[in-house]
Amino acid sequence: MTSNSHTKSSDTDRTGPVPTAVVCFDRDHTVSVNPHPDREAVPLSWVKYLAHEVPEVDVWATGNQTLREEASIPGISEAISCWRYLTLPEDPMQFHSQVPVAARLPGRREGLRLIQAIYDQLATSSETYRLIVVDDVDLSDLEPDGWTHYLPWDFVDAVEAGTASIDLPVPLEQPTNVLLTGPECPETYPSVDFDRPGPLQHQ
């Protein structure tokens, strides 16, 4: 690690647990750490920027969970922790409405519905937020539930054209596309708080 480190610089701008946008990223064939062989991938730098430089955006890893460490973002295990905090021990039935009783992680769509349930639980009647998922699997069937789905190459095109449902200043000078798990990465970001991950850190 070098002294050229970055942290989420304006957390004080975040006034509560509900952000303006929740962005969920798949990994494989979606993000540049493991791109599609024939299509454009989302640069890892975009994931890191949204997660660590934009206080009003929450970013989650909802595909291959390796992205959690590569970008220092919460994933499905942390979503379960959030939901457990919000529902147990008072309402085990509500907890299991989103988390399988069997000892397995929720699947792709289950994980997205779990993350949506967390913010629905936290939001007041006057708070609204956008739900965005970037995944090479077609998840357009979730759009009636409030999600905006982008295939990764469509997301890249939309961001570069300025038509995406979230703003990114491109091209980005920082952060880099280097994995946070790599010794050559010039950035350092805080590790995910397993006790109060995601929106709970803003309560």
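Read-outs: derived from the displayed coordinates by stated rules, not from any lab. What you see is a predicted model; the values in this text were computed from it and never measured. Here Cβ is always computed from backbone atoms with ideal geometry, including for glycine, and neighbour counts include all displayed protein chains.
In order along the stretch 19-24, phi translates into HN-Hα couplings of x, 7, 8, 10, 10, 10 Hz, rounded to whole numbers, per the Karplus curve 6.51 cos²θ - 1.76 cosθ + 1.60 with θ = phi - 60° and x for Gly and Pro. Which angle between 0 and 90 degrees, to the nearest 10, do you get for helix 76-87 versus the longest principal axis of the chain when only C-alpha atoms count? On a 0 to 90 degree scale, this one is about 30.
So what is the diffusion coefficient of the stretch 11-202 in µm² per second by Stokes-Einstein at 25 °C and 0.890 mPa s, using a Kirkwood Rh over Cα pairs?
The estimated diffusion coefficient comes to 145 µm²/s.
For LEU112, LEU200, the sequence from fewest to most other C-beta atoms within 10 Å is LEU200, LEU112.
With a 10 Å Cβ neighbour count serving as the proxy for reagent exposure, in which order, fewest first, do HIS29, HIS96 appear? Walk me through the intermediate numbers first.
Values: HIS29 20, HIS96 13.
If I rank by nearby Cβ atoms, fewest first, I get HIS96, HIS29.
At 0.36 nm per residue, minus the direct Cα-Cα distance, what do GLU69 and ASP28 gain on full extension? Give it in nm, one decimal, please. Between GLU69 and ASP28, full extension yields 13.3 nm more.
In plain terms, the bigger the Kirkwood radius, the slower the diffusion; for the stretch 89-200, with that radius from Cα pairs, at 25 °C and 0.890 mPa s, Stokes-Einstein puts D at 143 µm²/s.
Between helix 152-161 and the chain there is an angle of about 60 degrees, using the helix long axis and the longest principal axis of the Cα atoms.
Placing dummy labels 7 Å off each Cα toward the beta-carbon, the span from THR163 to ARG130 is 1.4 nm.
Each of CYS185, CYS82 has some number of other Cβ atoms within 10 Å of its Cβ, and from fewest to most they run CYS185, CYS82.
The label point for HIS202 and the one for ARG104, both projected 7 Å from the Cα toward the Cβ, are 3.3 nm apart. Each of HIS96 and ASP154 was given a label point 7 Å from its Cα along the Cα-to-Cβ line. The distance between the two points is 3.7 nm.
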